[in-house]
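Quick notes on the structure that follows.
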Amino acid sequence: MVNIIETTALSFGYGRHKKVLDNVSLHIPEGAIYGFLGPNGAGKSTTMRLLTGIIPEQGNAIRLFGEPLRQQMPGVFSKIGSLVEQPALYLHLSGIDNLRYIARLRGVSPKRIPAMLELVGLANDGKRKVKQYSLGMKQRLAIAMALLDEPALLLLDEPVNGLDPNGIQEIRQLLMRLNRENGVTIFVSSHLLPEIEKMCTHVGIIHNGQLKFEGRMDELSARFATANIVVTLGDAVRWAERLEPLYPGLMVLHARQIRFMLPTKEAVPGMVRSLVDAGADIYELRMEGGLEDWFMSLIDTNK
Amino acid sequence: MAMVNDFLTALRAEHIKKRGTGIYMLSAAIGVLFPAVLCVFGIVRNTQFNEPFAFSYYLKYIQDAALPFTNFFFPLLIIVISSRVTQLDHRNGGWQLMDTQPLGKFALYFAKFSVVLISAVIAILSLVAGGMFFGWLLTNFIEVPGHAQLHVPWKELLQWGSRLFVACLYLAALQYMIAVLIPSFIWSILIGFGLLLTGLFAKPYGYVFDWYPFHIVSRITDFKAGSDLGYWFVYTEYVSVAAALILLYLGFQWYKHKTWRRAFLATPAKALALGVVLALGAVWLFALLRPKQGDEHPRTVLAGELDAGLPVSHVYLINPTLQDTLAIIPMQGNRFHQVLEGELVADHYQVAFDRFYQTSVYFGTRDSVYIAGVANADASKFAVRGTRLADNQAGSVKASWNRIRYYLEQNMFLDDPLHFARELHADWKKTQRESRLFKTVDNYTPKADFNKRSEKLIAVNYLSLWTGFVRKRMAVFPDQPTVPPSAIEDIQRHVSLADEALLSDESYREYVTDQFILADTVDIPLPEKALAGITGLPSGRFRDKLLYWQLSRSLKEATDSAERTALMDRFTAFFDDSVYRRRAAFVYHQWQRVGKGRPAMHFEATDLSGNRVALADLHGKLVAIDVWASWCGPCKRQSPYFERLALKYRDEAIYFIALGVDRDKSKWEIDAKGKSKSVLQWYAADMEKFGLEYNLATIPRFMLLDRAGRFIAAEMPMPSENAFELIVRKELGLPD
């Protein structure tokens, strides 16, 4: 399958020594919702700017739609809708005029504007000046501007930043619908794992300018499918001896705590039931080393 | 083609974006403002027009209104609008939004620049349209002279407007580049405003640069008429185009690549392109800005045209020193053309159109000059083109006020010659530097010989001030000799005391004779000292010319016939060349003829009733004559005094005659009718003859004749002076 976005060992540095991106190779297949995950300062925005040509590329590592980006500028943007960093809007204009401006630049019929406002839930606010909009409305208008030309690829940099939970959910549903109904490939960056987990089909994790993981969402889940269980219970040593044959590699952490591994998370309730049935006094049960932990540890080392 | 489409798309999009900003309204308002203000001014102050020649009323109105516009408000408008349109995108990430649209950066950059240019065009068109409307409005309130042309000067307006537009391109490209580069609104405005003010403040001090964008714009009103040579645009407008193209290239490349390094140094090809653009631009600008000089002509040609109401038959070329005629050129229609043979030393020659009009033209051998003149009864105006275009324009730029003259008038620093000399030296240096800066609107500079002459004459002016200072010191500190400090000697090195080429200039002759007068401490009249000094010079043309000039002056100033004869007896022998002796004799006879006791020549005239009258009719009484003309301001100031005396002595045996020498009789009539009836108002019948016979050089001129029609004085004091009345009383036999 053709990758809509493909970078081959993309590197970028502002100065001679400060490398912001180091050999980042991305592969975003057609029809994916690709979550680009990383803590703040990992290089997400720089990647996004390079992909949109806002920062000229230093090498020739970026390919969009199977062709080098450099050779397609600026025509390729007719297939791309983008939202980079804070929404770029003209505050002195109305929502409709902002869309008209984009329609004019892209040669799109202005007739599409009402439908687009409807789509992002601004149908009643189109004539108001954008400076009167709330942050969420601005964000939705910016997305409408990115979507106006029915792009094949949507590049969104932290699109839910600063939105309330309700707004976040609306945007998420909108993106998933676009992907499902129109087959739009979406490249979305975020520093929030739950956000990505909830809607993405693919994920790339970046940290300190290096790509730590890239693959399908279920691959990532599979990688963290096994569950490390830490159980606090009365008389650990006795239970350890009884459980050792069932869970090889079980360890006694101290007198009241043991740790062992289950092949899947789905095995956890059964394991608990059998322990209780066997008469164990369970005080606490905790899962360790999941996706969340791994991602959090990335952020921690960054601090 | 795709690029054009992209550009048009981007331009239309810019017009959506600028909605509600009022950019075009502001431009139109600035354009209309000054024509409106001028109209209000005109109504309140009841503007009078003093243009003596036919002029286009609307063109003049618009150009007058444009003065604050081109000097300040139009550049300011461009600064503000450049910053305004770029700020729309500096705020809230507009540039990034544009970067991610399927349009070339060229289209985006130049679409926005076009908004600036469209604003400029709107401002210019509003100025013109506003000028037409308010100019018309004003005609309903004030009186527009009959010779003002009231049709719409389409071609002139188109040329003037297009010059203004082209002149602003450089400024617009510069300010647009600054505004794109600098995201801060305040800073881009401040930089532009700073440059504007710098230009404004530098201008009065003579720092006017033909490469400075703001001065290029203000030149549109400094040189309203445009090229002297008939070109549509002048060189500063081409400079504007060249500089604008370079700046647009630099600004666009920066915008495209976001940093200077990436734009120009990232690859050898980019560095090469920059080098080529800068080199071509530099060559182009150099070629435009390099001053030009008129080429030498294979022959010496004097030609021209005169647009005057009356027929002129001949043009006379007159030697500046001897006042003798070098050539008589017949007029054909209103044009003349003559190839002059022989050597003609470059100098300010007089060119006279019969005896009606006269102008001065600087030229010499192998120059071809063309004099274009316009004249009517009130005034005349001459412009010289050809190989001495710049020389003749520079010659008419007079040195104005200078502080050294002020020190001298106020008797300052009389006790400190060293300080005075230092100040004088500094001021001389400044004037000299400024004189070298002269360029015509077409970038022509005077030729080397003219510049050298100008420099010498500037030095002469300053040395004359020094002479005045020395003279004052001699009076105040008679015991302290004033030795010229080294600063003065430095100036003296620039001027020889025997430079024949400078003798046509009165200030130089005065300077040379002053030196003789200063050196001679014997207590005799000053002119005599000068004459005595001149005779001490080695014989030759220099002495001849100087002697002729000084002697003519003494002959004029001499009060009686015996004195003149004595002057002639004593000094004619010193002339080397008989031409000068003959000329001196001619001058002598001229003055003798109007000398005291000589019979006044017969002349005829017409009075206000149209009757023929003559001088001979007036025998038996004294005759006081006031020679005047309606266009002569000093005459008009003197005539009330003359009339007061006429009333006071109306019962005495004296006629008071005001003899009008206007060329236009109707003008004389209007003025003469308003004058006192105690003065006989006459209009001279043959002005040519009268002028020649009465040695009439300037007016007002007052004469007094005795009862037998003989001169008492051919040049009386002005009637505003008591001496006039004293002489009259004495001749009437009245007590003092």
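The values are calculated or read from the model by the stated rules, or taken from the named source; none is laboratory data. As the structure is a computational prediction, the values presented were derived from the model and not from experiment. Positions of Cβ are backbone-derived with ideal geometry, glycine not excepted, and every protein chain shown enters the neighbour counts.
Determine whether B:Ile43 is in the same structural domain as B:Phe110 (by TED's automatic domain parsing) and either within 25 Å of B:Ala173 (Cα to Cα) or among the basic types (Lys, Arg) (or both). Judged against the criteria, B:Ile43 is not a match. Could you tell me how many of the residues in the stretch A:94-134 are more than 14 Å from chain B (Cβ to nearest Cβ), touching a residue at least 12 places away in the same chain (Cβ under 8 Å) and in a loop (DSSP other than H, G, I, E, B)? Of the residues in that region, 5 qualify. When the residues of the stretch A:58-93 are filtered to those that are charged (D, E, K, R) and part of a helix (DSSP H, G or I), which remaining residue is farthest from the other protein chains (Cβ to nearest Cβ)? In this case the residue turns out to be A:Arg70.
Table: residues versus (1) at positive phi; (2) crowded, with 20+ Cβ neighbours inside 10 Å.
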{"position": "A:Glu118", "(1), (2)": "no, no"}
{"position": "A:Gly121", "(1), (2)": "yes, no"}
{"position": "A:Gly136", "(1), (2)": "no, no"}
{"position": "A:Gln139", "(1), (2)": "no, yes"}
{"position": "A:Ala142", "(1), (2)": "no, yes"}
{"position": "A:Ala146", "(1), (2)": "no, yes"}
{"position": "A:Ala152", "(1), (2)": "no, no"}
{"position": "A:Leu156", "(1), (2)": "no, yes"}
{"position": "A:Asn166", "(1), (2)": "no, no"}
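Looking only at residues in the stretch A:3-57 that are within 14 Å of another protein chain (Cβ to nearest Cβ) and among the polar types (S, T, N, Q), the one that is nearest to A:Pro194 (Cα to Cα) is A:Ser45. Does B:Arg729 satisfy being charged (D, E, K, R), at pLDDT 90 or above and out of contact with any helix residue (DSSP H, G or I) (no Cβ under 9 Å at 6 or more places or on another chain)? Taking the combined requirement at face value, the residue satisfies it.
Rundown of residues vs (1) within 30 Å of B:Trp232 (Cα to Cα); (2) touching a residue at least 24 places away in the same chain (Cβ under 8 Å); (3) buried (at least 20 other Cβ atoms within 10 Å of the Cβ), yes/no style:
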residue	(1), (2), (3)
B:Leu389	yes, yes, yes
B:Met412	no, no, no
B:Leu418	no, yes, no
B:Lys429	no, no, no
B:Arg433	no, no, no
B:Phe438	yes, yes, no
B:Asn443	yes, yes, no
B:Phe469	no, yes, yes
B:Val476	no, yes, no
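Applying the condition of being under 20 Å from B:Leu526 (Cβ atoms) and in contact with a helix residue (DSSP H, G or I) (Cβ under 7 Å, 6 or more places away or on another chain) to the stretch B:558-579 and asking which residue is modelled with the lowest pLDDT yields B:Ala558.
Residue by residue, here is whether (1) among the basic types (Lys, Arg); (2) within 30 Å of B:Ile220 (Cα to Cα) holds:
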residue: B:Arg403; (1), (2): yes, no
residue: B:Leu414; (1), (2): no, no
residue: B:Asp427; (1), (2): no, no
residue: B:Ser435; (1), (2): no, yes
residue: B:Ala448; (1), (2): no, yes
residue: B:Val470; (1), (2): no, no
residue: B:Gln515; (1), (2): no, no
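Checking the structure you have, find out if any residue of the stretch B:314-328 is under 20 Å from B:Ala390 (Cβ atoms), among the charged types (D, E, K, R) and outside any strand (DSSP E or B). No, because not a single residue in the stretch B:314-328 is under 20 Å from B:Ala390 (Cβ atoms), among the charged types (D, E, K, R) and outside any strand (DSSP E or B).
Each residue in the stretch B:276-313 was checked for being among the β-branched types (Val, Ile, Thr) and either more than 28 Å from B:Phe542 (Cα to Cα) or assigned to a helix (DSSP H, G or I) (or both), and 4 of them qualify.
Looking at the stretch A:187-303, the strands (runs of 3 or more DSSP E) lying wholly inside it that each contain 1 or more residues that are surrounded by 17 or more Cβ atoms within 10 Å (Cβ to Cβ), modelled with pLDDT of 85 or more and assigned by TED's automatic domain parsing to the domain that holds A:Tyr34 sit at A:202-207, A:210-216. Filtering the stretch B:246-268 to residues that are assigned to a helix (DSSP H, G or I), basic (Lys, Arg) and within 10 Å of another protein chain (Cβ to nearest Cβ) leaves B:Lys256, B:Arg262. Applying the criterion of being more than 18 Å from the chain's Cα centre (by Cα) and closer than 14 Å to B:Leu97 by Cα to the residues of the stretch A:51-84, the residue that is surrounded by the most Cβ atoms within 10 Å (Cβ to Cβ) is A:Ile80. Scanning the stretch B:195-216 for residues that are part of a helix (DSSP H, G or I) and within 27 Å of B:Gly386 (Cα to Cα) returns B:His215, B:Ile216. The set of residues in the stretch B:92-110 that are surrounded by fewer than 24 Cβ atoms within 10 Å (Cβ to Cβ), over 16 Å from A:Val76 (Cα atoms) and more than 7 Å from chain A (Cβ to nearest Cβ) comprises B:Trp95, B:Phe106, B:Tyr109, B:Phe110.
Applying the criterion of being charged (D, E, K, R) and part of a helix (DSSP H, G or I) to the residues of the stretch B:1-55, the residue that is surrounded by the most Cβ atoms within 10 Å (Cβ to Cβ) is B:Lys17. Against the condition of a type outside the set (Asp, Glu) and at positive phi, how does B:Gly533 come out, does it pass? So B:Gly533 does not fit the description; no. Number of residues in the stretch B:445-454 that are farther than 27 Å from B:Trp211 by Cβ and surrounded by fewer than 16 Cβ atoms within 10 Å (Cβ to Cβ) equals 1. Per the conditions (1) farther than 30 Å from B:Val374 by Cβ; (2) of a type in the set (A, V, I, L, M, F, W, C); (3) more than 14 Å from chain A (Cβ to nearest Cβ), the sole criterion not satisfied by B:Val85 is (3). Using the structure shown, decide if B:Pro446 is within 20 Å of B:Leu389 (Cα to Cα) and either modelled with pLDDT of 90 or more or of a type in the set (S, T, N, Q) (or both). So B:Pro446 fits the description; yes. Going through (1) modelled with pLDDT of 95 or more; (2) within 14 Å of chain A (Cβ to nearest Cβ) one by one, B:Phe69 falls short only on (2).
Is it the case that the stretch A:29-45 has a residue that's assigned by TED's automatic domain parsing to the domain that holds A:Ser190, closer than 25 Å to B:Ala13 by Cβ and out of contact with any Pro (no Cβ under 8 Å at 6 or more places or on another chain)?
No: the stretch A:29-45 contains no residue that is assigned by TED's automatic domain parsing to the domain that holds A:Ser190, closer than 25 Å to B:Ala13 by Cβ and out of contact with any Pro (no Cβ under 8 Å at 6 or more places or on another chain).
Could we say that B:Leu26 is at pLDDT 95 or above and within 14 Å of chain A (Cβ to nearest Cβ) here? No. Quick check on this structure: which one of B:Ala658, B:Ala624, B:Ala697, B:Ala708 is in the same structural domain as B:Ser609 (by TED's automatic domain parsing), among the small types (Gly, Ala, Ser), out of contact with any Asp or Glu (no Cβ under 9 Å at 6 or more places or on another chain) and surrounded by 15 or more Cβ atoms within 10 Å (Cβ to Cβ)? Within the list B:Ala658, B:Ala624, B:Ala697, B:Ala708, the selection yields B:Ala624.
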